[in-house]
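**Student:** The structure under discussion is supplied below as structure tokens; questions concerning it will follow.
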Amino acid sequence: MIKVEVKNFNIATDRYIRLAKGRLNALAITFIQDMNEEVVRNTPVDTGFLRASWSASIGTVANTRAGTAPSARGVSKDGMGTVSRMNLVGARLRLGQTYYATNGAAYAAHVEYGTSRMAPRAFVRGTLARAPAIAEAAARKVAAL
């Protein structure tokens with residue numbers, strides 16, 4: 001499982017709230033859904049299993065024990081089913097709640113951080129680095145509603 005602590009994750013929230021015309025809950029949901037799409041799209045794909053292993057939850061971390069991840073057979077490599085599943089959870093988000101996106105593939109951290117034999121792919125950290133741009137785009141979408 002990949003665990004990235006974002007305690008020091010700061011974006012100019014006041015600016016995005018103003019851009020979204022004060023629609024804070026809509027902004028939060030749109031931002032989360034756009035981040036879901038970005039992280040799944042950035043997840044490296046071979047069989048599609050790593051992309052399909054993303055799950056989302058609110059309040060507590062989703063159960064990602066062995067056996068709960070999807071089978072690689074029949075998995076769409078484009079990840080859009082995964083994004084849809086995560087976005088359904090994200091749509092229920094209310095202000096003050098904690099949203100978790102977790103990848104339960106046993107090898108996800110090896111792909112993210114690399115090993116002595118493999119360079120890191122940083123698909124999660126790369127998505128987090130783009131969070132300010134994603135937040136700005138989400139605020140503009142919400143403002144256009």
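**Student:** Residue by residue through region 136-145, note down the ones that are of a type in the set (A, V, I, L, M) and touching a Lys or Arg at 6+ places or on another chain (Cβ under 9 Å).
**Tutor:** ALA139, VAL142, ALA143, LEU145 - these are the residues of region 136-145 that are of a type in the set (A, V, I, L, M) and touching a Lys or Arg at 6+ places or on another chain (Cβ under 9 Å).
**Student:** Exactly one of (1) under 28 Å from PRO132 (Cβ atoms); (2) modelled with pLDDT of 90 or more; (3) in a loop (DSSP other than H, G, I, E, B); (4) not basic (Lys, Arg) is unmet by VAL83. Its number?
**Tutor:** Evaluating VAL83 over (1) under 28 Å from PRO132 (Cβ atoms); (2) modelled with pLDDT of 90 or more; (3) in a loop (DSSP other than H, G, I, E, B); (4) not basic (Lys, Arg) leaves (3) as the failure.
**Student:** Here is a follow-up. Restricting attention to region 86-107, and to residues there that are assigned to a helix (DSSP H, G or I) and either touching a helix residue (DSSP H, G or I) at 6+ places or on another chain (Cβ under 6 Å) or modelled with pLDDT under 95 (or both), which single residue is farthest from VAL39 (Cα to Cα)?
**Tutor:** GLY90
**Student:** May I pose another question? Taking the criterion of being surrounded by 13 or more Cβ atoms within 10 Å (Cβ to Cβ), at pLDDT 95 or above, closer than 13 Å to PHE49 by Cβ and touching a strand residue (DSSP E or B) at 6+ places or on another chain (Cβ under 9 Å), would at least one residue in region 112-128 satisfy it?
**Tutor:** no
**Student:** Regarding region 23-30, can at least one residue be identified that is charged (D, E, K, R) and in contact (Cβ under 8 Å) with a residue 40 or more places away in the chain?
**Tutor:** Checked region 23-30: at least one residue is charged (D, E, K, R) and in contact (Cβ under 8 Å) with a residue 40 or more places away in the chain.
**Student:** Of all residues in region 52-80, how many are within 20 Å of GLU38 (Cβ to Cβ), in a loop (DSSP other than H, G, I, E, B), modelled with pLDDT of 90 or more and touching a Phe, Trp or Tyr at 6+ places or on another chain (Cβ under 9 Å)?
**Tutor:** Within region 52-80, residues that are within 20 Å of GLU38 (Cβ to Cβ), in a loop (DSSP other than H, G, I, E, B), modelled with pLDDT of 90 or more and touching a Phe, Trp or Tyr at 6+ places or on another chain (Cβ under 9 Å) number 1.
The values are calculated or read from the model by the stated rules, or taken from the named source; none is laboratory data. A quick note: this is a predicted structure, and the numbers were derived from the prediction, not measured. So basically every Cβ, Gly included, is an ideal-geometry build from the backbone, and we count neighbours across all protein chains shown.
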